[in-house]
Structure formats: structure tokens, C-alpha cells
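Take a look at the structure below.
The values are calculated or read from the model by the stated rules, or taken from the named source; none is laboratory data. Worth saying up front: this structure is predicted, and the values here are computed from it rather than measured. Glycine also receives a Cβ, built like all others from the backbone with ideal geometry; neighbour counts cover every protein chain displayed. For accessibility, only protein heavy atoms count, side chains too; no ligands or nucleic acids. Shrake-Rupley method; radii C 1.70, N 1.55, O 1.52, S 1.80 Å.
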Amino acid sequence: MPIKENVEAIRERIANAAKRSGRKAEDITLVAVTKNQPVSLVKEVLKMGIGDLGENKSQELLPKQGAVGERVNWHFIGHLQRNKVRYIIPFIYLIQSVDSIALAQEISKRAKACGKVQDILLEINTSGEASKHGFAPRDVFSVLNEVNTLSNITVKGLMTMAPFTDDVGLLRSHFAKTKELFDNLTRVEASNVDMRYLSMGMTNDFEIAIEEGSNMVRIGTAIFTP
Ligand SMILES: *Cc1c(COP(=O)(O)O)cnc(C)c1O
């Protein structure tokens, strides 16, 4: 079972990247992305003391949540259809992939019906690629103004996905731009905005993302691949 060795290696790489950016390993949250993995392997990950799991499809998330129970913080990281919101709202910890005002409205409405205030991240399409979901950076201030009228969500930060490239310079500038946006938004005073999480970095780029200021990485392949 390579999961133990993989997680240990990833933790060490996270700690080193955090150090390079003047922070500590504890400042970075590792979200283990369990999409396409069976419940048996999800349980192996939990044995490693990981408390945050990410899924990108509600139909995969629901049975896994049922199987492992309430022990973990479940993160939703994929494109979320509005008609699926009500199924995940009762238990979801953080919806990282809010990419439209209409989705934010639906989340607030369903959260209200459950008697909870739902933490969300706004997904940012920093690269402007048409294939990616998310708000354009220039629209984010007006988006915050709109979501500030919604009673049952709190905007906890931003999530982004890097462009599909090996060009380290390009990756770095993508992450740096998103960090700059995050820092600017930190100064926004709004009742339901509490900028804490900058979720960026996956298997192929998480060290660069951390060096550029990420405090939450979403890792799948590096955990589950021998
Ligand atoms: C699959 C996925 C990840 C994890 O990607 P890996 O390259 O397997 O680490 C992270 N974020 C999102 C949104 C994903 O869909």
C-alpha cells in the first residue's frame, strides 16, 4: 500500500515549500482528493490522520460520506449543478467551486433551509481559459457585492486551477496573480466575507503554489499512485 509513503512524502514536500515561503507546515491544509477512488482507499487516507477530503461529483461524494461518516471535513471541488446543492448542503464543509451568482444564491437558500451558514470559496479563472469555470478576476469585487446580500453563506476565500502547462514561469505568475487578488480582497469589509483560504496547487504544481502563497492544496494523484 503506497498511500502511507506517498502521504509522508507529500507532507515533507509541503513543509519544505512552506518553509521556503516563510511559513510552517501547519499553515497549509492538505485536502486529499478522493475522486475515482474506492471507499477502502478513502479509509486508508483517514488512517494517515488526514481530516479534509475533496470530491468533484455529488454522486460520488454522497455514498462516500455515508460510508465514512462525520469524521472528516468534506470539500466540494468540482463544477456544482444547482439542482445538486440540496443533497450536499446538510454535511458539506466547504464548497470551493462557486462559479456563478446563481449557484451562490441557491447555496444560501438551501443552507437557510438547513439552518446553517455555508462556507464557500469563489473559483477564479485567472488564466481566462474558456474550458475553465470561475469568475474573471476583474469581476470579483462586484461578485462580492452581490453575494454580500445573501444571508446564509460566508465567503472564506478563493480557489483556482492553474493552466495545463509545464511552464513553471507561467504557473508561478498564475498563482502570484491569484494571491494578489486574494490580498486585495482581504481588505474588503463585508459582513459575510472572511478571506482565509487560498486554495491552489495540485499534484503537479503544489510546491510552486505554496511558494506563491497558497494555504490549501488539493492533491489526488500523488496520494494514490504507486
Ligand atoms: C482532481 C482535482 C484535483 C487533484 O488533482 P491531482 O492532479 O490528481 O492532484 C484538484 N482540484 C480539482 C478541482 C480537481 O478536480
The computed P(r) of the range 27-158 puts the percent of Cα pairs beyond 24 Å at 30
In the neighbourhood of LYS43 defined by beta carbon distances under 14 Å, the net charge of the other residues (Lys, Arg +1; Asp, Glu -1) is +3
With the 1.4 Å probe rolled over protein heavy atoms, the chain has an accessible area per residue in Å² of 47
With x for Gly and Pro, the residue-by-residue ³J(HN,Hα) of the range 139-147, computed from phi through the Karplus equation 6.51 cos²θ - 1.76 cosθ + 1.60 at θ = phi - 60° and given in whole Hz, is 8, 5, 5, 6, 4, 4, 4, 6, 6
Taking 90-103, 134-147, 174-187 and ranking on average Cβ neighbours within 10 Å, highest first, one gets 90-103, 174-187, 134-147
Expressed in angstrom and ordered largest first, the alpha-carbon extents of the chain along the principal axes are 47, 41, 31
